Amino acid sequence: MLKKHHTQLTDSELESLLDRETGIAKVKPAVSAILEDVKTRGDAALIEYTHRFDNVSLSAIEVEGNFISEAFEEVDSEILWHLETAADNIRRFHEAQLEPELWLSEITPGISLGQKTSPLDCIGAYVPGGKAAYPSTALMTIIPAKVASVPEAVICTPPMPGGDGSVNPLTLAAAVIAGADRVFAVGGAQAIAAMAYGTETVPAVDRIVGPGNVYVTAAKMLVSTRIDFPAGPSEVLIIADESANPDFIAADMVAQAEHDSNAVSILVTTSEAVAGEVFELVGSRSADAVRSEIIEKSLEHGAILVFDSIDECTRFSNTFAPEHLEIMVENPLDVLNSVYNAGSIFVGDYAPVPAGDYASGTNHVLPTAGHAWTYSGLNVSYFTKKSSIQIISKEGLSQIRDTVVAIADEEGLKSHADAIKARFSDEEDHQVFMDV
C-alpha cells in the first residue's frame, strides 16, 4: 500500500489513483457478441450461455413459485428476521425520498405550471450470485422500485454453478421480502441482454439496475435500455484528522479490500501519527483476515496520503469522487458541507460502510470509478418519470402572447406564431377558465 505525503506523489501514482481502470474496454467485443446473440435467439442463447459459463443445464429460466416458497423453509429464521429488519429500514429511507405525485403552482395569473411523477412500467434488477449470495442487493434494488409504485419488478441472478439450475435460497427469500414479482435464473451479460431486449420468457424492462462484474457492467453500457449508472470495483475514501481512531480506520479499509482484488481503499489525513498507525494496523488485520489473499491484492491499489489541512483532504476527495466516503474528524459537519462528489457519505466514528451495505437503510448500489461526479446512488427517482404540466387560460396566454410570437418569428417558425395568434383572432370570444 502506498503511504506518502501528497506532495511526494509522482504523476503516474496520482494518475493511477484517480483514473481507476475498470477493464470494460477489454471485454466489450465479447459482450457485444453475447448481446446480439441473445437479441437474436432469445431463450436458446440464455440456456447455452448458462451451460457454458455456469456449468448449469437449465430446465426452466424462470424460478417457479413453489421453489421460491420453499426457500423460506431452507433459510434460518434468524436470518429472515434480519433481512426483514434491513428491509424495513431501506423502505423507510426510500419512502422519505418520494415526491408529490402531482403539484401545480400559479406562477402568474392564468398560468399554472406543475409536474406529474409516474412510475416506470417494468424494471429489471441484476443481483450477483453464483458461488455467493447477495440478498442485500435484492433488497436494495427492488424495494425502492416498489416504493416508487413500479407495477412489475423482476430479478435476474445466476444459478448456483454446477447445480440443477436453482438459485441460492437467501437470494430468493430476499426477493420475496423486497417485493419482486418474478425471478430468473440467469446471470452475466446474457441476463442484461435478456432484460434489455426481452426473450420468450424474460420481459424487456424500462430500466436495468444493480451491480455486477466487468461483463455485466459492459453489457449495461452497451444496451439501449436505460441503466442506473456505470460501475467499477468498489471503493472507500476516508477523511481523518488527529482525533480519529486508527483501529476503526484500518478495520474499514480492510473491510473494503475484502470485496475483491480490485477494490480500492484510501485514507487522506492531516495526521502523520494516524497515517503511520493505520498503516501498521492494516497490515496486521489483513494478515489475520479470512480473505487475506484477496485483501492483500486489493491493498496494492490502496493509499494513505498525508495532507496539510482538512480542506486539502476534502478537495482531493471531491476530485476522486469516491463511491463511499467516511468522515472521521473533530468537526464532521464542516467537512460534510464541503463535499460535492460522493456516492454515499458516512459521518462519524460509528458510521462504517458496512452499516450502509446492509441495514442502516441507505442504498448500497452506488456510482464508482469517479462516476459520483455526475451520478447519484440508486434512489426512488431512478424508477420514475416526470411530465411537466401547463394549465393556461386565455388571460394567461395573453400575458406571454407577444413573447411567444416574437421568438417564433425570429426562429422562422411562422406556424408556431400563428397557433398563438389564432386564439386571439376574435377578441369577442368568451374566455374559458379551467378549474385547477
**Prompt:** Mind checking which residues of the stretch 323-342 are closer than 20 Å to P246 by Cα and surrounded by 17 or more Cβ atoms within 10 Å (Cβ to Cβ)?
**Reply:** H324, L325, E326, I327, M328, V329, P332, V335
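So which of D409, D349, D334 is of a type outside the set (K, R) and under 21 Å from E258 (Cβ atoms)?
Of D409, D349, D334, the one residue that is of a type outside the set (K, R) and under 21 Å from E258 (Cβ atoms) is D349.
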**Request:** Output the helices (runs of 4 or more DSSP H) that fall wholly within the stretch 17-110 and possess 3 or more residues being free of Cβ contacts under 8 Å to residues at least 12 places away in the same chain and loosely packed, with under 12 Cβ neighbours inside 10 Å, or say none.
**Result:** 24-41, 65-74, 77-95
**Item:** Elements of type strands (runs of 3 or more DSSP E) contained in the stretch 272-385, each with 1 or more residues being under 19 Å from the mean Cα position of the chain (by Cα) and either at pLDDT below 95 or of a type in the set (V, I, T) (or both)
**Value:** 344-347
**Request:** May I ask you to say which residue of G356, G343, G370 is touching a Pro at 6+ places or on another chain (Cβ under 7 Å) and not assigned by TED's automatic domain parsing to the domain that holds P144?
**Result:** G343
**Request:** Find all pairs meeting these conditions: Cβ atoms under 8 angstrom apart; at least six residues apart or on different chains; first residue within the stretch 214-229 and in the same structural domain as G124 (by TED's automatic domain parsing) and of a type outside the set (D, E, K, R); second residue modelled with pLDDT under 90 and assigned to a helix (DSSP H, G or I).
**Result:** V214/I24; T217/I24; A218/I24; M221/I24
**Message:** Among the listed residues T141, T201, identify the single one that is in contact (Cβ under 8 Å) with a residue 12 or more places away in the chain, in a helix (DSSP H, G or I), closer than 25 Å to A71 by Cα and in the same structural domain as E74 (by TED's automatic domain parsing).
**Reply:** T141
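Does the stretch 157-164 contain at least one residue that is surrounded by fewer than 20 Cβ atoms within 10 Å (Cβ to Cβ) and at pLDDT 95 or above?
So far as the stretch 157-164 goes, no, none of its residues is surrounded by fewer than 20 Cβ atoms within 10 Å (Cβ to Cβ) and at pLDDT 95 or above.
The values are calculated or read from the model by the stated rules, or taken from the named source; none is laboratory data. Since the structure is predicted, the reported quantities are computational estimates derived from the model, not experimental observations. Note: ideal-geometry Cβ built from the backbone for every residue, glycine included; neighbour counts use all protein chains shown.
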